[in-house]
Amino acid sequence: MYRFLLTPRWWGINVFVLLAIPFCIFMGSWQLSRFEDRVDSHRGAEEQAAASQQEKARPLDTLLPVTKATSGKQATTSGRYEEQLLVPDRNLDGAPGHYVLTLLHTDHGKVLPVVRGWLPGEPDPAGAPAPPDGEVTVTGALQASETPGSHGVSARSGLPEGQIAAISAASLVNLVPHDMYEAWITLNEGDAGMRPVPAVAAGGTGLDLKAFQNLGYTAEWFAFVGFVVFMWFRLLRREVELARDAELGLAPDEPQEREPEADEKQSSPSGV
């Protein structure tokens, strides 16, 4: 009854199944490992951010450029506060609000964006505390320039004067004609009674859309293993049923061909 398994057709089916199953398992395991790597990276970034708060602050220029290793590190520099902007659509602990971003003209001649704190509600320049006058020394967590539309950063355009959507040199250079640092810091303690803004993990270390895509691909590859096994058993069952019917002399039902009706009408001469 199972002699059909030795036919060339079934040899091809069996070889395909034997190759497809381990391949799908390998790809599913690889996608799962990619997801686990992202989870570990995210956990490590959070631990690094927490540990960095306990470290001694280092001069800003020694930590640049911002990398995964330096993101969240404590940085310090001195200068004078000048221009102030508000960053809308920033939530803190689930509450809507905005950042108060002040540009620090450092003693090195470049400008550093400093998030002095967070305020609830809609941005209002009149409600934002003015920065302190004179020379100041700031200390906070070093952060990389933001990318609009990613990691919760707004991609809004056409904001009112005095507001900016993303904290980045590329965005600020259009508003302030100064040489900008490709970085910013968030103060450890909110200035003038504002709530401090916690540091975020470095880019590429969070549980973002790519991480959950890896998890989705894992499920797809393992589901395909089940589909291959299911189809193989279904084909096997069909062949067994056909073989059993053949042994009993039962031919498969075939649609009866319909004989065309012959048109035997003959035309005869008129009047005969």
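We did not get these values from a lab; they are worked out from the coordinates using the rules stated. All values reported here derive from a predicted model rather than from experimental measurement. No Cβ is skipped: glycine too gets one built from the backbone with ideal geometry, and neighbour counts run over all protein chains shown.
Using a simple spin-label model with points 7 Å from Cα along the Cα→Cβ vector, what separation in nm is obtained for Val229 and Glu161? My value for the distance between the label points is 6.9 nm.
Peptides 113-125, 158-170, ordered by how many other C-beta atoms sit within 10 Å of their residues on average, highest first, read 113-125, 158-170.
Rounded to the nearest 0.05, what FRET efficiency is calculated for Val15 and Asp40 with R0 set to 25 Å and r the Cβ-Cβ distance? E(calc), rounded to 0.05, equals 0.10.
Between Glu55 and Glu82, the distance separating the two model label sites (each 7 Å from Cα on the Cα→Cβ line) works out to 3.1 nm.
Using a cutoff of 8 angstrom between alpha carbon atoms and counting only pairs six or more residues apart, the relative contact order for region 58-198 works out to 28 percent. Note on Thr7 and Asp107: the model spin-label points, each 7 Å out from Cα along the C-beta direction, lie 8.8 nm apart.
Couplings for region 116-130, taken from phi via the Karplus curve 6.51 cos²θ - 1.76 cosθ + 1.60 with θ = phi - 60°, read 7, x, 10, 10, x, x, 6, x, 9, x, 5, x, 8, x, 5 Hz in order; Gly and Pro are left as x.
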